[in-house]
Amino acid sequence: MCNRYTPPGGLDIERFWALGRVHPVRWWDEVLFPRGSGPFVRRARHAVGYERELVVGQWGLIPWFAKEPRLKYATNNARGEEVAQKASYKQPWERSQRCIIPAAHFDEPCWESGRNVWWRFKRADGEPWGLAGLWNAWIDPASGEVHESYTMLTLNADQHPLMRRMHKPDPALPPDAQDKRSVIPIEPCDVDLWLAGTLSQASDLLRLAPAEVFDATPLAA
């Protein structure tokens with residue numbers, strides 16, 4: 001799972017994901033934690049053809065059946081293996097409400113030393129991450145206010161040479177059954193397919209990135 005990441009600047013997002021200069025100023029949290037306000041890129045909702053748009057919403061998807069925007073349970077991460085079945089994510093998945101979550105880097109805890117040591121994950125090529133996500137627009141039944149929100153998809157990483165090293169292990173489980181999780185990077189060449197492709201095509205993109213894609217280093221104590 002991921003509970004902390006840093007988005008790129010607004011102009012960097014617009015340039016890298018070819019959005020045009022329509023959002024020149026950052027208006028989201030500098031560092032994202034669950035329930036913070038962050039940017040995401042999706043297929044433009046009201047465009048006649050295919051366009052991308054930049055949206056700001058809550059990091060923690062608000063499902064259609066929610067009674068209020070601030071949930072009592074966490075929805076900032078969603079297991080990619082379960083999005084077609086889980087109540088909170090089933091509808092956005094079926095409706096192809098997929099998004100790209102821009103990140104300059106994200107942080108994960110490593111417990112190999114017996115204590116929490118935060119590691120920072122950048123791309124080895126120096127580009128920003130485009131992480132797989134789902135979005136939803138929830139309408140407050142009392143006020144009619146629209147609340148944009150999103151969740152970050154993850155996959156099991158028990159066999160991944162790098163990501164399996166992250167997070168605190170469960171001593172009750174064997175090493176190959178820890179359910180360590182990893183975010184899912186969408187490569188620039190696959191962005192259009194992720195945003196506008198079929199469910200089958202999108203499902204094929206739910207895969208872990210090779211270890212060489214990551215530039216991962218421990219943060220100074």
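The values are calculated or read from the model by the stated rules, or taken from the named source; none is laboratory data. The shown structure was predicted, so the numbers you read here are calculated from the model rather than taken from an experiment. Methodologically, a virtual Cβ is constructed for each residue, glycine included, from the backbone with ideal geometry; neighbour enumeration extends over all protein chains shown. Only protein heavy atoms, including side chains, enter the accessible area calculation; ligands, DNA and RNA are left aside. Shrake-Rupley method; radii C 1.70, N 1.55, O 1.52, S 1.80 Å.
If you average the C-alpha positions of segment 100-150 and of segment 154-221 separately, how far apart do those two centres end up, in angstrom? Computed from Cα coordinates, the inter-centre distance equals 13 Å. Based on alpha-carbon atoms, the Kirkwood radius and the radius of gyration of the chain give Rg/Rh equal to 0.96. Residue ranking by accessible heavy-atom surface, 1.4 Å probe, largest first, among Lys168, Lys122, Lys67 comes out as Lys67, Lys168, Lys122.
By accessible area, using a 1.4 Å probe on protein heavy atoms only, segment 109-221 has 54% of its surface on carbon and sulfur. Cut-off 10 angstrom, C-alpha nodes, Gaussian network model of the chain. Which of Arg42, Arg120, Arg181 fluctuates the most? Judging by the Gaussian network model, the answer is Arg120. Taking every alpha-carbon pair under 8 Å whose residues sit at least 6 apart, segment 26-118 reaches a relative contact order of 24 percent. Surface exposure of segment 79-221, expressed per residue as accessible area with a 1.4 Å probe, stands at 47 Å².
Measuring nothing but how far apart in sequence close Cα pairs (under 8 Å, 6+ apart) lie, relative to its length, the chain scores a relative contact order of 21 percent.
Classify segment 38-111: rounded, prolate or oblate, from the alpha-carbon gyration tensor (a ≥ b ≥ c, eigenvalue square roots; a/c under 1.5 rounded; otherwise prolate if a/b is larger than b/c)? The shape class here is oblate. Within the accessible surface of segment 39-90, defined with a 1.4 Å probe on protein heavy atoms only, the carbon and sulfur portion equals 51 percent. Rounded to the nearest 0.05, the FRET efficiency derived from the C-beta distance between His46 and Glu81 at R0 = 30 Å is 0.40. Largest GNM mean-square fluctuation among Thr151, Thr198, Thr75, using the chain with Cα springs under 10 Å: Thr198. Per residue, the average separation of C-alpha pairs within less than 8 Å and at least 6 apart gives segment 126-221 a relative contact order of 26 percent. Restrict the search to segment 67-129; then list the GluC sites (Glu not before Pro) that DSSP places in a loop and that have at most 11 other Cβ atoms within 10 Å of their Cβ. Within segment 67-129, the qualifying GluC sites (Glu not before Pro) (loop, at most 11 other Cβ atoms within 10 Å) are Glu112.
In whole percents, the pair-distance distribution calculated for segment 1-130 from its alpha-carbon pairs, binned every 10 Å from zero, is 11, 36, 37, 14, 2, 0. Placing one equal scatterer on every Cα of segment 98-194 and applying the Debye formula, the log10 ratio I(q)/I(0) at q = 0.14, 0.18, 0.20, 0.26 Å⁻¹ is -0.68, -0.93, -1.03, -1.34.
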